[in-house]
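A.B. asks: Okay, here's the structure, questions in a sec.
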Amino acid sequence: MGIRKKIKQQVIHSVAVVVNSVTDSVAQTKAGSGSKEASSDEIRSLCRKVGAEGIVLLKNENGVLPISKDRVVSVFGRVQKDWFYVGYGSGGDVNAPYHISLLDGLRANENITLNEELAGIYDSWCEINTPDEGFWGSWQMSYEEMPIDKKTVHEAAQKSDTAVIAIGRAAGEDRENTLTNECYYLSPEERSLLSKVCGEFKKTVVVLNCGGIMDMSWVNEFDISSILYVWQGGMESGNSVADVLSGAVSPCGCLADTIAAKYEYYPSARFFGNRQYNEYTEDIFVGYRFFETFCKNKVLYPFGFGLSYTSFETTVTRVTKSGYEINLWADVKNTGERNGKHTLQLYLSAPQGRLGKASRVLVCYEKTKELKSGESQKLKLSFNLSDFASYDDGGATGNKSCYVLEKGEYELYLGSNVREAEKVRSYTLPTTVVTQKLSQAAAPDARFPFDRLKAVTDENGNVKGVLERAPVMRENLRERILKNLPETIPMTGDLGYKLIDVKTGKVTMEQFVAQLSFDELEAITRGDYIMNHPLGAKGNAGVMAGVLPSLREKGVPPVTTTDGPSGIRLAATCSLLPNGAALACTFDKELVQKLYSEFSREMHDRGSDIILAPGMNIHRNPLCGRNFEYFSEDPLLSGLTATSVVLGVQGGGLSACPKHFACNNQETNRTHNDSRLSERALREIYLKGFEICVKKAKPHNIMTSYNKINGVWGHYHYDLVTTILRGEWGYEGNVMTDWWMRKDESHEFPGIIDQGYRIRAGVDVLMPGGPRAGKKKPDGTFAKSVKAGLTLGEAQRCAMHVLNMAINNKLGGDE
């Protein structure tokens, strides 16, 4: 889908001219804000704020941060100039109006005094040594570091008392991070740089400009005072980092992932990267759920961790329980000397019972406003215990295919991260309760058995892990599909009804759809074949709905899709937002929603109807190349962050499109790889975030994944799309494929192939509409499938989903 082109700042040899050039550049950007191709003041401000509040402070010894104006700062590392603003691929390929590097941000910050002599050395070297960014799927993992000798470091130390060492890592679609130097591990050159700088400076700050987490086992090898994860903060990155370094913003980000002492300690380490399939042997024990249950000592920085420049005191004032609804009130007081924000995290510890549970599960979080020194705020944290019931996929409790709360003690822990949370209340459930009775769906294929991890309690009361065979699919999918086929609406031919007539109530949707011909039904269940379609804004990802002249004559508008989530991927200039990892680390639902509300205005101005975002797959493994787009290892944090994105976008009358549904947890061979996992892990971890987003935000669109889930491609997966998404969650929107799909034949209904197979699964639209190469016309598989038993009613059902989406998106919805 193209390679992102970064805008590079032109390097001027004279230090004084460099400073003036940066200032003039920023002024020109602001002057152009009235243009449709310039970012608004509001979105620039929000990008800067979100970028700063997503920064996580891991270490700050002796109060080295923040940096006062009277301290001179020497900045080391080439990424101070050649910054990673976002990951590569469709999610980051945004034509941004400007980019603020770390060096730009520090120079523009009046409270930072920079060692310009050293900065000039990096300016000159980076101008000559322009990095090769690579190409699609083969982007660089990092850039070659500038060689620097001890003499230069020593001279810098004589002129300044604080060193900032910038280390950067790229991220990208269609490739993984690797267990190599220059990627997950530090390079020899970076180690040498750290050794030299830490040997000369007593005050050292490491800034990690990464798409996701990298190896941190080196933190105790060098005498480092402070460490910041600043992620990839988009076009305002440098300003965001400078705001935190200078103390204009007190760091308030929290880790959305656990940082283990070694890669090998991650439970998925041995079950990731296989080209053909991956067995999710760790089951529900992803991230902190694994470490807090089985091996706390293998963690460097726990989930939810993040330091501040100030301190806070929390006092629980009240806890109530009504049915399964639990409410907790707490006073948070800023007891330090600086302004700051603080996040309270509430965790649940459920009885191990017969199913086995993670020892801690995040159930709620809330963030304060910015509190002045001595100021307090009362926060309310609420959750429903039934939302965190366990799914019994094997009948261990006697309640197969049910969500259950097993009898025993349920404990609540409150704190600033999963490790330091303290017990505040407990409740005893005298009997096991079924909270929801369902049917087996999307379970593992019996042809491919595998083991999964389970927590059990030994005779001494200690929890340990054992392996058990994951329950396999026993339901008859063919019978399920036949039982739930929709009625076919008799075709009437064109009666002159327009789509607007459905909106105004003049006719029903069924009456309108009855007019559609066979060819129109085929067309409305696919896009119009190509990206950058002339019916949409230049550079679009494709159009759907009104793809035939006859459909447009009936008032069906073409609906334009654009890639995301870090901005609008178009030929026009569009804002480059902080990446998904940064958004999640804010732990701030309101702030993320504000950013995407403003972003929705930009979508409207640029001609984007649907942003293909948010990306919300679980961070199962730190090597996944696309983790930069996604949010977290935790489904609640992922689901609520996605909810904020969707509410922001759709509040402006446009559409979001959460993706990739589901289990797109690696990029290697992503269009053929099979994610094999238990039904319990699927429901409790990998679908839970989508469920939260669907129920709270009601997205108009959802995108399926490229990969297989227990043997079935996402775009053919009836149980995921029809049984669970629509049947259990009540989803009423449109479901589209990721771009292009694999050819296949229904296992349950031989002869129903490709487009027919997809339509039978309930996936409404193939995007962008046809094969990557070849003639742009119907491939005939819809007609062949109808002859093999696909009903027109199934195609009409898809058409109604598409048309309702078009009404919401283009005709003003319910206004």
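The values are calculated or read from the model by the stated rules, or taken from the named source; none is laboratory data. Just so it is clear, the model here is predicted, and its values are computed rather than measured. When we count neighbours, we look across all protein chains shown, and the Cβ atoms used for this are built from the backbone with ideal geometry, even at glycine. Each accessible area value is taken on the protein alone, full model and side chains, heavy atoms only, with ligands, DNA and RNA left out. Shrake-Rupley method; radii C 1.70, N 1.55, O 1.52, S 1.80 Å.
A.B. asks: In straight Cα distance, which lysines are under 19 Å from LYS777, not counting same-chain residues fewer than 8 positions off?
C.D. replies: LYS743
A.B. asks: Count neighbours as other Cβ atoms within 10 Å of each site's Cβ, and list the trypsin sites (Lys or Arg not before Pro) in the range 431-509 that are DSSP loop with at most 13 such neighbours.
C.D. replies: Here the sparse-neighbourhood loop sites are ARG447, ARG474, LYS506.
A.B. asks: Can you grab the distance from the C-alpha centre of the range 599-671 to the C-alpha centre of the range 314-371, Å, no decimals?
C.D. replies: 26
A.B. asks: When all C-alpha to C-alpha distances in the chain are sorted into bins of 20 Å, what percent of pairs does each bin hold, rounded to whole numbers?
C.D. replies: P(r) for the chain, in whole percents per bin: 16, 48, 31, 5, 0.
A.B. asks: Follow-up. Tell me which of THR428, LEU583, LEU570 sits at the most positive position along the dipole axis of the chain, charges placed on C-beta atoms (Lys, Arg +1; Asp, Glu -1).
C.D. replies: So the residue furthest toward the plus end is THR428.
A.B. asks: Can you tell me the length gained on complete extension of the stretch LYS787 to ASP519, counting 0.36 nm per residue apart and subtracting the Cα distance?
C.D. replies: Between LYS787 and ASP519, full extension yields an extra 95.0 nm.
A.B. asks: Follow-up. Kindly provide the helix-only [θ] at 222 nm of the chain, computed as the sum of -39,500 (n - 2.57) over DSSP H runs of four or more divided by all residues, to the nearest 500 deg cm²/dmol?
C.D. replies: -7500 deg cm²/dmol
A.B. asks: Please compute the Cα-Cα pair-distance distribution of the range 170-270 with 10 Å bins starting at 0, giving whole percents from short to long.
C.D. replies: With 10 Å bins starting at 0, P(r) equals 12, 40, 38, 9, 0.
A.B. asks: On to the next question. By how many nm would the segment from SER386 to ALA446 grow when fully extended, if each residue of separation counts as 0.36 nm and the alpha-carbon distance is taken off?
C.D. replies: 18.6 nm
A.B. asks: Heavy-atom accessible area of SER68 with all protein chains present, probe 1.4 Å, nearest 10 Å²?
C.D. replies: 50
A.B. asks: Provide the gained length on full extension for the span GLU590 to ASP605, in nm with one decimal, where the gain is 0.36 nm per separating residue minus the Cα-Cα distance.
C.D. replies: 3.1 nm
A.B. asks: Hey, got the dipole for the chain? About the Cα centre, +1 on K and R Cβ, -1 on D and E Cβ, debye to the nearest 20?
C.D. replies: My answer is approximately 1100 debye.
A.B. asks: Sticking with this structure for a sec: Mind checking the per residue accessible area of the chain for me, 1.4 Å probe, whole number of Å²?
C.D. replies: Heavy-atom accessible area per residue stands at 36 Å².
A.B. asks: Further question on the same structure: On the accessible surface of the range 686-815, probed at 1.4 Å, how many percent belong to carbon and sulfur atoms?
C.D. replies: Heavy-atom surface of the range 686-815 belonging to carbon and sulfur, 1.4 Å probe: 52 percent.
A.B. asks: Here is a further query. With Kirkwood's inverse mean 1/r over C-alpha pairs for Rh, give me the Rg to Rh ratio of the range 435-478, two decimals please.
C.D. replies: Computed over Cα atoms, the ratio is 1.13.
A.B. asks: Quick one: which residues, 5 or more positions from TYR88 or on another chain, have an amide H under 5 Å from its amide H? H modelled 1.01 Å from N in the peptide plane, none for Pro or chain starts.
C.D. replies: ALA171, GLY172, GLU173
A.B. asks: How big is the accessible area of TYR185 in square angstrom, nearest 10, if you roll a 1.4 angstrom probe over the protein chains?
C.D. replies: Rounded to the nearest 10, that gives 60 Å².
A.B. asks: Below 8 Å between Cα atoms, with a sequence gap of 6+, how large is the relative contact order for the range 301-399 in percent?
C.D. replies: 28
A.B. asks: In nm, to one decimal, how far is the modelled label at GLU475 from the one at THR317, with both set 7 Å along Cα→Cβ?
C.D. replies: Calculated label separation equals 4.7 nm.
A.B. asks: Answer with one residue from LEU482, PRO449, SER439: the one whose Cα lies farthest towards the positive end of the charge dipole of the range 414-490, charges on Cβ with Lys, Arg +1 and Asp, Glu -1.
C.D. replies: It is LEU482, whose Cα lies furthest towards the positive end.
A.B. asks: Another one. Show GLU667, GLU479, GLU325, GLU144 ordered by accessible area, largest first, where the area counts protein heavy atoms only and the probe is 1.4 Å.
C.D. replies: Descending order: GLU144, GLU479, GLU325, GLU667.
A.B. asks: Here is a further query. Quick one: go through the range 309-345 and flag any residue whose amide nitrogen is under 17 Å from the point 7 Å out along the Cα-to-Cβ line of LYS59.
C.D. replies: Once the point is set 7 Å along Cα→Cβ of LYS59, nothing inside the range 309-345 turns out to lie under 17 Å by backbone N.
A.B. asks: Follow-up question, since we're still on this one. In nm, give the distance between the simple-model label positions of ASN111 and SER138, each being 7 Å from the Cα along the Cα-to-Cβ direction.
C.D. replies: Placing both labels 7 Å beyond Cα along the Cβ direction yields 4.6 nm.
A.B. asks: Are there GluC sites (Glu not before Pro) in the range 394-471 that DSSP puts in a loop and that have at most 13 other Cβ atoms within 10 Å, and which ones?
C.D. replies: Of the GluC sites (Glu not before Pro), the ones in loops of the range 394-471 whose Cβ has at most 13 other Cβ atoms within 10 Å are GLU420, GLU459.
A.B. asks: Report the FRET efficiency, 1/(1 + (r/R0)^6), for LEU495 and THR671, where r is their Cβ-Cβ distance and R0 is 45 Å, rounded to 0.05.
C.D. replies: The formula returns an efficiency of 0.60 here.
A.B. asks: Tell me the accessible surface of LEU482 in square angstrom (1.4 angstrom probe, heavy atoms of protein chains only), to the nearest ten.
C.D. replies: 80
A.B. asks: Run the quick spin-label model on LYS150 and TYR427: label points 7 Å from Cα toward the beta carbon, then report their separation in nm to one decimal.
C.D. replies: Spacing of the two 7 Å Cα→Cβ label points: 6.4 nm.
A.B. asks: In Å, what is the Rg of the alpha-carbon atoms in the range 214-273, and how long is Dmax?
C.D. replies: Considering the range 214-273 through its Cα atoms, Rg and Dmax are 15.0, 43 Å.
A.B. asks: Give me the percent of Cα-Cα pairs in the range 480-542 that sit more than 18 Å apart, rounded to a whole number.
C.D. replies: Roughly 56 percent, rounded to a whole number.
A.B. asks: A follow-up question, please. Given a Förster distance of 35 angstrom, what is the FRET efficiency for LYS407 paired with ASP331, based on the Cβ-Cβ distance and rounded to 0.05?
C.D. replies: About 0.55, to the nearest 0.05.
A.B. asks: Please state, as a whole number in µm²/s, the translational diffusion coefficient that the Stokes-Einstein equation yields for the range 255-393 at 4 °C and 1.567 mPa s, with Rh defined as the Kirkwood radius across alpha carbon pairs.
C.D. replies: My calculation gives 74 µm²/s for D.
A.B. asks: While we're looking at this one, here's another question. Would you mind telling me the share, in percent, of accessible area of the range 506-549 contributed by carbon and sulfur at probe 1.4 angstrom?
C.D. replies: 58
A.B. asks: At a 1.4 Å probe radius, which order do MET473, MET805 fall into by accessible area, largest first?
C.D. replies: Per-residue accessible area, sorted high to low, gives MET473, MET805.
A.B. asks: So what is log10(I(q)/I(0)) for the range 437-524 at q = 0.18, 0.20, 0.21, 0.24 1/Å, when the Debye sum runs over its Cα atoms only?
C.D. replies: -0.92, -0.99, -1.02, -1.13
A.B. asks: At 37 °C and a viscosity of 0.692 mPa s, what translational diffusion coefficient does Stokes-Einstein give for the range 651-733, taking Rh as the Kirkwood radius over Cα pairs? Give it in µm²/s as a whole number.
C.D. replies: 251
A.B. asks: May I have the convex hull volume per residue, in Å³, for the Cα set of the range 626-779?
C.D. replies: Taking the convex hull of the Cα positions in the range 626-779, it is 122 Å³ per residue.
A.B. asks: Summarise the long-distance tail of P(r) for the range 87-216 by giving the % of C-alpha pairs beyond 19 Å.
C.D. replies: 56
A.B. asks: Applying 1/(1 + (r/R0)^6) with R0 = 41 Å to the Cβ-Cβ distance of THR488 and ASN532, what FRET efficiency is obtained, to the nearest 0.05?
C.D. replies: 0.70
A.B. asks: With the Cα gyration tensor of the range 405-487 in hand, give its eigenvalues times 5 under a square root as the equivalent ellipsoid semi-axes, listed largest first in whole angstrom.
C.D. replies: Over the Cα atoms of the range 405-487, the ellipsoid semi-axes are 36, 20, 14 Å.
A.B. asks: Counting other C-beta atoms within 10 Å, and keeping those with at most 16, which DSSP coil GluC sites (Glu not before Pro) do you find in the range 176-250?
C.D. replies: Sparse-neighbourhood loop GluC sites (Glu not before Pro): GLU221.
A.B. asks: Also, I was wondering about something else. Starting from the Kirkwood Rh over alpha-carbon pairs, what translational D in µm² s⁻¹ does the range 511-595 have by Stokes-Einstein at 10 °C and 1.306 mPa s?
C.D. replies: Rounded to a whole number, D works out at 105 µm²/s.
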